[in-house]
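Q: Would you mind keeping the following structure in view while I ask a few things?
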Amino acid sequence: MPATAQETGPSWPERALSATNESSPVGMLPAGARHSGWQGWFADAWEGSKRIVREGHSDLFLPFFTFHPAYKYPNRHDQNEYPWGVGVARTVIDGKDNERIVYLLGFSDSHYDFQPMAGYAWMARWPLGWGLKGGLGYTVFVSARADANYIPFPAILPLASIGTDRVTVYGSWIPTTDVLFFFARISLADGPGWPVTGGGASPSGLPGTTEGRLRANLLYGAAAWVNTDASGIDGVASGDAWAPLAGYRHFFSDRFAMDVSVSRSGSSLDLQGARLGTFDLIPVTVAAQYHFPSYYGWRMYAGAGIAYTRITQQAMPGYALEDSSVSPVLQAGASFAVTDALVLTGGVAANFTRNQLFQAGNSLGTVKLSPVTFSLGVGFAF
């Protein structure tokens, strides 16, 4: 009998490769607009990333927890469990309800050191009921770490998520360290599919207006809780304290502002379980801030800058901390315009200050005080 030709479709590896390609930023481009070859693929990925930035809505990233398993980290309580930091993302939810995200992120790593990341994430999502959606996907990024001399390196990690279009919690497993890393994405932006905002904020989104003039300045005071979690020397520990905080914020535009703040808190320092004494911590911070669009009067912000930190009133007989340092600072927070002039504002700021500890003039090493300041206050817009 004559043989009949059978048409064969793409093989499983070919289908998997095609699906992976569609989940990349290249998937933002129509098939007819894509280029051939590996150079063309990188050009298409770059163009797709730019489309996500142009067409997406702005989100706030908040890293909040890292889990170090006991079988891998017998000293797990010496590791940083709270990777305070902030990130800014642009997110597109495509026709299949999947997420495509381009982001910048900075946080405090497991050793209390600053770690930056820039990357792309893709999440396939499924409805779970009650407005919740579960997701599985991946992120590809470039990062740098202090324990690798801040030499940039690329990486890819799996992601899982649960949440809504507005608030989603993500988790990732880092196979090289067995650490679980958790962060949240908060989306209070307007745009297609989002409700219309209203109430509490001026049309410009700035703190307020008066007779058509933008109130681009905010003078505020706050009560703050300063959490110091000293590390860097075996057996070192520090205390927490309340602090007054004052600041000034100037808006150069609807989205961008400069913030200057100062606080003063008292703290203690222990070594090997013995109290060395007390000192005062005075950071002066200058940060550039990005303020997200107003949502029912609320405006989130993300900031990054530097802090000049003074250590004064040291009462540690036989010991002394280096009395000043300059360090990076990350900020995240929100404000709410009660009236044109009255603004509630609060947030969290992670300071990566480093100070030498001396005993009788000899250095014992570097203490990472790593103060994290939680503040809530009121301001006057003018």
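Q: With θ set to phi - 60°, apply the Karplus curve 6.51 cos²θ - 1.76 cosθ + 1.60 along segment 64-75 and write out the HN-Hα couplings as whole Hz, x wherever there is a Gly or Pro.
A: Those phi angles translate into 9, 7, 10, 10, 10, x, 5, 5, 9, 10, x, 9 Hz.
Q: Here's a follow-up. In whole Hz, what ³J(HN,Hα) sequence does segment 220-237 give by Karplus (6.51, -1.76, 1.60; θ = phi - 60°), x for Gly and Pro?
A: Ordered by residue, 3J(HN,Hα) equals 9, x, 8, 9, 10, 10, 9, 9, 9, 10, 4, 8, x, 10, 4, x, 7, 8 Hz.
Q: Separate question: Tell me, what is the per residue accessible area of the chain in Å², probe radius 1.4 Å? Walk me through the numbers before you get to the answer.
A: Numbers: 18820 Å² over 382 residues.
In whole numbers, the chain has 49 Å² accessible per residue.
Q: What's the extension gain from Leu136 to Phe358 if we count 0.36 nm per residue and subtract their Cα-Cα distance?
A: The Leu136-Phe358 span can extend by a further 75.0 nm.
Q: So, by mean Cβ neighbours within 10 angstrom, what's the order for 67-75, 129-137, 276-284, 229-237 with the highest one leading?
A: 276-284, 229-237, 129-137, 67-75
Q: Next up: So, in nm, how far is label Phe42 from label Glu81 when the simple model puts each one 7 Å beyond its Cα toward the Cβ?
A: 4.3
Q: Using a 1.4 angstrom probe with every protein chain in place, what is the largest-first accessible-area order of His57, His250, His111?
A: Heavy-atom accessible area, descending, gives His111, His250, His57.
Q: List the lysines whose alpha-carbon lies under 26 Å from that of Lys72, not counting same-chain residues fewer than 8 positions away?
A: Lys368
Q: So I have (i) 32, 25, 17; (ii) 42, 30, 16; (iii) 64, 26, 17, and one of them is semi-axes √(5λ) of the Cα gyration tensor in Å calculated from this model. Which one is it?
A: (ii)
Q: What is the distance, in nm, between label points placed 7 Å from the Cα along the Cα-to-Cβ direction at Thr20 and at Ile151?
A: 2.6
Q: While we're looking at this one, here's another question. Ordering Glu14, Glu47, Glu99, Glu322 by how much accessible area each has at a 1.4 Å probe, largest first, what is the list?
A: Heavy-atom accessible area, descending, gives Glu14, Glu322, Glu47, Glu99.
Q: Using Cα atoms only, what is the angle between the long axis of helix 12-23 and the major principal axis of the chain, expressed in degrees (0 to 90) to the nearest 10?
A: 50
Q: How much of Ser108 can a 1.4 Å solvent probe reach, expressed as accessible area in Å² and rounded to 10?
A: That residue has around 10 Å² of solvent-accessible surface.
Q: Could you work out how far apart the two model spin labels at Leu180 and Phe67 are, taking each label as a point 7 Å from the Cα in the direction of the beta carbon, and quote it in nm?
A: 0.1
Q: Residues of segment 342-382 with the amide nitrogen closer than 18 Å to a label point 7 Å from the Cα of Glu322, along Cα-to-Cβ, please.
A: The answer is 351-371, whose backbone nitrogens lie closer than 18 Å to the label point.
Q: What whole number of Å gives the distance from the Cα centroid of segment 248-280 to the Cα centroid of segment 352-368?
A: So the separation of the two Cα centres works out to 19 Å.
Q: Would you compute, from DSSP H runs of 4+ residues alone, the mean residue ellipticity of the chain at 222 nm, taking -39500 (n - 2.57) per run and dividing by the full residue count, rounded to the nearest 500? Display every interim value, and only then the final one.
A: Numbers: 2 runs with 31 residues, N = 382.
Value at 222 nm, helices only: -2500 deg cm²/dmol.
Q: Carbon and sulfur: what percent of the chain's accessible surface (1.4 Å probe)? Numbers along the way, then the final one.
A: On the way: 12180 of 18820 Å².
Ligands and nucleic acids excluded, carbon and sulfur give 65 percent.
Q: Leaving ligands and nucleic acids out of the surface, order Ser24, Ser11 by accessible area at 1.4 Å, largest first. Present the calculation step by step, with values, prior to reporting the outcome.
A: Details: Ser24 10, Ser11 50 Å².
Reading off the accessible areas and sorting them downward yields Ser11, Ser24.
Q: Full extension from Thr366 to Phe380: what is 0.36 nm times the residue separation minus their Cα-Cα distance, to one decimal in nm? Walk me through the numbers before you get to the answer.
A: Details: separation 14, 0.36 × 14 = 5.04 nm, distance 3.98 nm.
Separation in residues times 0.36 nm, less the Cα-Cα distance, equals 1.1 nm.
Q: What FRET efficiency comes out for the pair Lys96/His35, r = Cβ-Cβ distance, R0 = 30 Å, nearest 0.05?
A: 0.80
The values are calculated or read from the model by the stated rules, or taken from the named source; none is laboratory data. Keep in mind it's a predicted model, so treat the numbers as computed, not measured. Neighbour counts run over all protein chains shown; Cβ positions are idealised from the backbone, glycine included. Accessible surface is based on the protein model in full, side chains and every heavy atom, while ligands, DNA and RNA are left aside. Shrake-Rupley method; radii C 1.70, N 1.55, O 1.52, S 1.80 Å.
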